[in-house]
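Presented below is the structure to which this report refers.
The values are calculated or read from the model by the stated rules, or taken from the named source; none is laboratory data. Since this is a predicted model, take the numbers as computed values, not measurements. No Cβ is skipped: glycine too gets one built from the backbone with ideal geometry, and neighbour counts run over all protein chains shown. Please note that ligands, DNA and RNA were not included when accessible areas were found on the heavy atoms of the full protein model with its side chains. Shrake-Rupley method; radii C 1.70, N 1.55, O 1.52, S 1.80 Å.
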Amino acid sequence: MKIEIRGARLVEPAANREANASLFIAEGHVAAWGQAPDGFKADEVVDAHGLVACPGLVDLSARLREPGFEYKATLESEMRAAVAGGVTSLACPPDTDPPLDEPGLVEMLKRRAASLHQARVLPLGTLTVGLKGERLAEMAELTEAGCVGFFQANAPLADLSVLLQAMRYAATFGFTVWLRPQDAALARGGVAHDGEVATRLGLAPIPAIAETVAIRSIVELMAATGARVHLARLSCAASVALVAEAKAKGLPLTCDVGVHHLHLCDRDIGEFDAQANFIPPLRDPGDRDALRRALAEGVIDAVCSDHTPVDEDEKLVPFAEAAPGATGLELLLPLVLRWASESRIGLAAALGAATFRPAKILGTRAGTLEPGAVADICLFDPKTPWVVSPLALASQGKNTPFMGFELTGRVARTLVGGRTVYTA
Amino acid sequence: MNASLQLDAQGRLRHLLSTEGLPAAMIRHILDTADQFVSVNEREVKKVPLLRGKAIFNVFFENSTRTRTTFEIAAKRLSADVINLNIGASSTSKGETLLDTVYNLQAMDADMFVVRHAQSGAPHLIARHVKPGIAVINAGDGRHAHPTQGLLDMYTIRHYKKDFSGLTVAIVGDVLHSRVARSQIHALKTLGVPELRVVGPRTLIPTDVERMGVRVFTDMAAGIKDCDVVIMLRLQNERMNGALLPSAGEFYKNYGLNAEKLAKAKPDAIVMHPGPMNRGVEIDSSVADGRQSVILPQVTFGIAVRMAVMSILAGQVAEAGA
């Protein structure tokens, strides 16, 4: 199968390169830019005038909700949402029910996902059995089953000695430990950033130090163990400074930010809007601005959707009782573009934060359109606005603070391995 | 904030959820209306027919006999039918959601819900989902707001001090957990109090409370110096011994109001407390029962203020300025 994508603006974030050129795809791989390779005869020509062609997005966190939470979303619905959002590779956190702590569960998920022939699914295994923070998960077995890292998700890991051993063990095999930095005791019971808004609304606070204290401990443990760590979902300015410091010391530390945290802050809670209930909490405008800058400067390595579809009823409760999170797979691209345009960041640089940069963290060769790369491609319309509505979202989760917003960056076509898996 | 939810496009009161966002004119309108009801309450026959035929549901997801009773008396003096529901944990433990409970009660033709809930924002959720025409009164939500208490405190201060524009007011004690303090702060700021203080140990003062327009004092004597109004807050039993405070005794020594400390305030300062009081913890009996205490008048005015709020919400009182 040979495809020519004609008329698009090609963007190769890894080389910070943009060009108006044809893209030639053969046997599931990128064959060439501009000039057709010798003897290339397209079976299909895709007219992509007015569209941008970039590497398919690589999402570091998308909850597919299977097994166990099918009432929130199903693998079918969320895999469709992924490709509708131009996401061609995604890491799924292990906080399913049961959690992904056994090779059999991981193999089943991989097989089910593969049978849908859509985005590539890269599971994260649990760091501890049942996410209980006590016994280590079978990391080597889980890696063989397809796990690309080990994550404690949002479950507390109160016992630092367990974390120390988990990091030692992971370092033995060169596995990456994923942690959402938060001191369990300092955050206990909290639902909103400890600041003016939580004070005014009388919401139980989560102080920024719950995150920075955890990061300091993790950095100390990294130095002691040599483990590679990925920090998931930074939320405050002070965390960015700590990460920069640790990276400057040469520690193998990476981190990401959820795309909502680039745009929203605690003020967006308004009058107890449960759609603004996130983990970690939306912090103050200064924190948000620091996250935006850090992503642009590369201190934060990647942006992810932190896709969390929830059932409508789970948001129709008082703020503190609401299920946290937002649907995100289909909003990742438009919200990255919005960050880029507001911050005056070029298209290639912006898309890098959601393509080759996260791919590097996952250790996958996705996220590039260089000749020879796997043809995972997102074609999108960078100009025409669209309105976020329940009908416009393929995800079963319609929970988003951006409902009703006009955004730009609508995906027109998604290819995985040179095969069209989505057309608008 | 709240403008969209508790006020309609014409600025009329649809619900009473918070004192935040209530314009000064609306607060004055409520207090002026309450003035008329104070005289009703002093009459032999303490009843007016303003809300005859209306059904007011006291929906208490968190138990409080005292607050519920004051709403009940207010509604009965307006001739409304009052239905009391102590929901506590019973419905929710049966799996019924908050909104399902409300929809069920709504189907019983309620005209007004008086709601108390342990979660901040629960009355807002209800107000957002009730049928048009049904009013919601927040009778206390989590740490967030207790607007009728805040308003009755404004009524009390106005009664004794006439004008807010020259006052120094101190709110003392557990500000962190206090919905009463938050409601007082918003109302006092809106009414133009120039010097508003909160006083307490750092463990009981919420983060960034200064941004609500108050000055923070950790020293009680400095905090109540030259005050016109000293408002003491209730300290919940469960907070007396733990990580927030070492003991009730130590709290009393530093932040309890006794005659000696009160002498720092102006000689004509009034002392308020939302009740129920912990004598010997936040306030000494000699002060609670003393000449400057207006704690019992607060309770009396509370009935009139709640009558005013209910009548205004039921559309039975001419609009402010009309």
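Extension gain for A:LEU160 to A:TRP33 (0.36 nm times residue separation, less C-alpha to C-alpha distance): 40.6 nm. Computed on chain A, with alpha-carbon pairs under 8 angstrom and 6+ residues apart, the relative contact order is 20 percent.
Might you report the magnitude of the Cβ-based charge dipole of region B:172-265 about its Cα centre, with Lys and Arg at +1 and Asp and Glu at -1, to the nearest 20 debye?
Computed charge dipole of region B:172-265: roughly 140 debye.
Taking 0.36 nm per residue of sequence separation and removing the Cα-Cα distance, the B:TYR160/B:ALA259 pair yields an extension gain of 33.6 nm. Here is the tail figure for region A:56-362: Cα pairs spaced more than 28 Å apart come to 34 percent of all pairs. Note on region A:56-362: with neighbouring protein chains present and a 1.4 Å probe, carbon and sulfur make up 51 percent of its accessible heavy-atom surface. Spin-label pair A:ASN20-B:ASN237: with each label point 7 Å from Cα along the Cα-Cβ axis, the two points sit 7.8 nm from one another. Measuring nothing but protein heavy atoms, the accessible surface of region B:102-153 at 1.4 Å probe radius is 50 percent carbon and sulfur.
Ranked by the mean number of other Cβ atoms within 10 Å of their residues, highest first, the peptides B:31-42, A:408-419 come out as A:408-419, B:31-42.
For B:LYS46, the aspartates and glutamates whose Cα falls under 18 Å of its own Cα, not counting residues fewer than eight places away in the same chain, are B:ASP35, B:GLU72, B:ASP81.
Would you work out which of B:SER178, B:ALA127, B:LEU151 lies farthest towards the positive end of the dipole of region B:118-194, given +1 charges on the beta-carbon of Lys and Arg and -1 on that of Asp and Glu, about the Cα centre? Farthest along the dipole direction, towards plus: B:ALA127. Across peptide A:199-209, the mean count of Cβ atoms from other chains lying within 10 Å of each residue's own Cβ comes to 6. Counting, for every residue in A:266-274, the Cβ atoms of other protein chains within 10 Å of its Cβ and taking the mean gives 4. When only Cα pairs below 8 angstrom with a gap of at least 6 residues are kept, chain B shows a relative contact order of 20 percent. Could you tell me the center-to-center distance, by alpha carbons, between region B:168-197 and region A:367-424 in angstrom? Between the Cα centres of region B:168-197 and region A:367-424 lies a distance of 50 Å. Remark: the protein assembly as shown carries 38 Å² of accessible area per residue (probe radius 1.4 Å; ligands, DNA and RNA excluded). Working note: 222 nm ellipticity from helices only, DSSP H runs with n ≥ 4, each -39,500 (n - 2.57), summed and divided by the residues of chain A, gives -8500 deg cm²/dmol to the nearest 500. Under the convention that each Lys and Arg Cβ holds +1 and each Asp and Glu Cβ holds -1, the size of the dipole of region B:55-202 around its Cα centre is about 480 debye.
Dipole magnitude for region A:56-362: computed about the Cα centre from +1 point charges on Lys and Arg Cβ and -1 point charges on Asp and Glu Cβ, it is near 960 debye. Averaged over the residues of B:113-122, the number of partner chain Cβ atoms lying within 10 Å of the residue Cβ comes to 5. Taking 15 Å as the straight-line reach from the Cα of B:LYS225, the aspartates and glutamates in range (excluding those fewer than 8 positions away in the same chain) are B:GLU195, B:GLU260, B:ASP268. For region A:163-299, the equivalent ellipsoid built from the Cα gyration tensor has semi-axes of 28, 16, 11 Å, listed from largest to smallest. Chains A and B together bury roughly 1900 Å² of accessible surface, counting both sides and using a 1.4 Å probe on protein heavy atoms.
Roughly how many Å is it from the Cα centre of region B:113-165 to that of region B:211-285, as a whole number? That distance is 23 Å. For the residue pairs A:LYS72/A:LYS398; A:LYS398/B:LYS131; B:LYS162/B:LYS266; A:LYS110/A:LYS132; A:LYS72/A:LYS383, the alpha carbons lie more than 22 Å apart in A:LYS398/B:LYS131; A:LYS110/A:LYS132; A:LYS72/A:LYS383. Taking Cα pairs under 8 Å and at least six residues apart, what relative contact order does region A:20-61 come out at, in percent? Worked out over region A:20-61, it gives 23 percent. A straight line joining the Cα centroids of region A:125-195 and region A:58-101 runs 19 Å.
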